[in-house]
1. Out of the residues in region 207-220 that are surrounded by fewer than 18 Cβ atoms within 10 Å (Cβ to Cβ) and in contact (Cβ under 8 Å) with a residue 60 or more places away in the chain, state the one that is farthest from the chain's Cα centre (by Cα).
2. What is the residue count in region 156-206 for residues that are over 29 Å from residue 84 (Cα atoms), crowded, with 20+ Cβ neighbours inside 10 Å and charged (D, E, K, R)?
3. Go through (1) charged (D, E, K, R); (2) over 18 Å from residue 30 (Cβ atoms); (3) outside any loop (DSSP other than H, G, I, E, B); (4) modelled with pLDDT of 95 or more and name the single condition residue 240 misses.
4. Of the residues that sit in region 63-110 and are basic (Lys, Arg) and more than 11 Å from residue 45 (Cα to Cα), which one is surrounded by the fewest Cβ atoms within 10 Å (Cβ to Cβ)?
5. For region 76-93, state whether one or more residues are under 18 Å from the mean Cα position of the chain (by Cα), under 19 Å from residue 11 (Cα atoms) and not in a loop (DSSP other than H, G, I, E, B).
6. So, residue 293, is that one among the charged types (D, E, K, R), out of contact with any Gly (no Cβ under 7 Å at 6 or more places or on another chain) and at pLDDT below 95 or not?
7. If residue 23 satisfies every condition in (1) under 27 Å from residue 261 (Cβ atoms); (2) surrounded by fewer than 21 Cβ atoms within 10 Å (Cβ to Cβ); (3) of a type in the set (D, E, K, R) but one, which is the exception?
8. List every residue pair whose Cβ atoms sit under 8 Å apart, with the two residues 6 or more apart in sequence or on different chains, where the first one lies in region 303-323 and is farther than 12 Å from residue 253 by Cβ and the second, anywhere, is among the aromatic types (Phe, Trp, Tyr) and not in a loop (DSSP other than H, G, I, E, B).
Amino acid sequence: MASSNDTPSPAVIISDLSDFADDNIAILMLLRSGTLDVRGVITTSGNVCAHRGAIEARRLLDSAGASVPVVRGFSLAWHQDRRRFYDEVQKPTRPANAYAGALGDSSTCADSSGAGGPQPDAADFLIAQARGAKSGLTIILMGPATVLAEALRRDRELPSFIRRVDAMGGAIRVPGNVAPRAEFNVWFDAEAMASVLATPIPVTLVPLDVTTTVDYGGSEQAQPPSSGFAAEHLAAYLEKLGRRRKPVPMWDEVLAAIVINPDLIEAVEDLPLIISIERDAHYGEILVSRAARDGAPRTVRVVTKVRADGVRRLVYHLLWNQE
């Protein structure tokens, strides 16, 4: 965490948060740590539509007393081609109850670009924040990379203004959570993540390989030792999710924890990664390239092991005890 002598790095969070999601816990962790100067939260379609995410983000930040801009990302209409591929090719081969996030929730994902009054364009907002960050912008990616990819398409010089991207996503050597070998954040918009990895921006990837090894360890039954919004929100989250799965897993909490305290990382690998963007059964999978010749993909820093106890302690310190 930042000390009194440190200047927090300017950052933007991109998230597909919904009510009582791991994204919300991670956002609260980042805000309360003081490690980053969060200049904005951009919502993106993924778990829910971007406009629904923006409503939740504003509620969360207002309740937490955080004066941080919320910028609504692109509506599901932006993903028209992706939706067609899902509806016509992927959906017929999946179980009826298979999770698809906003792709499977089209009835509540109508184009709401006008909802909530005029809004800055999400990609343009990200470009402005990056170009205005003298020390380079840190991007915390907790959902699909759609907005970042569009910003990179519009501004070819943008990579030079981005310090790094820390992202939760991908399944490399473990099963996926939305397809046999694919993780949701990448699977939702694989082309977007592929375009990010095609740039020289330093990327740290936190895949399911490591997040599936960390959970709340049964603490969903515990009562927070302090009051206040953050503690109560975490307690409600653990109680709600704990009805469906025990112990409650951590996903974006792991990402937030290593951003706040990199010493929690125990092992990393620099891997040449390829994202499958072919419109077939392998769409959204991350593959490790076997090529050892010119033209092989650049390597990506992949976190493979973290100190699980340290992650848990950090969550509790920031949300339960820091009132």
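The values are calculated or read from the model by the stated rules, or taken from the named source; none is laboratory data. Predicted, not measured: the structure shown is a model, and the values here were computed from it. Don't worry about glycine lacking a Cβ; one is built from the backbone with ideal geometry, like all the others, and counts go over all protein chains shown.
1. Among those residues, the one meeting the criterion is 217.
2. Of the residues in region 156-206, 1 are over 29 Å from residue 84 (Cα atoms), crowded, with 20+ Cβ neighbours inside 10 Å and charged (D, E, K, R).
3. All conditions are met except number (4).
4. Selected residue: 84.
5. No, because not a single residue in region 76-93 is under 18 Å from the mean Cα position of the chain (by Cα), under 19 Å from residue 11 (Cα atoms) and not in a loop (DSSP other than H, G, I, E, B).
6. Spelling it out, residue 293 is indeed among the charged types (D, E, K, R), out of contact with any Gly (no Cβ under 7 Å at 6 or more places or on another chain) and at pLDDT below 95.
7. Here residue 23 clears every test but (2).
8. none
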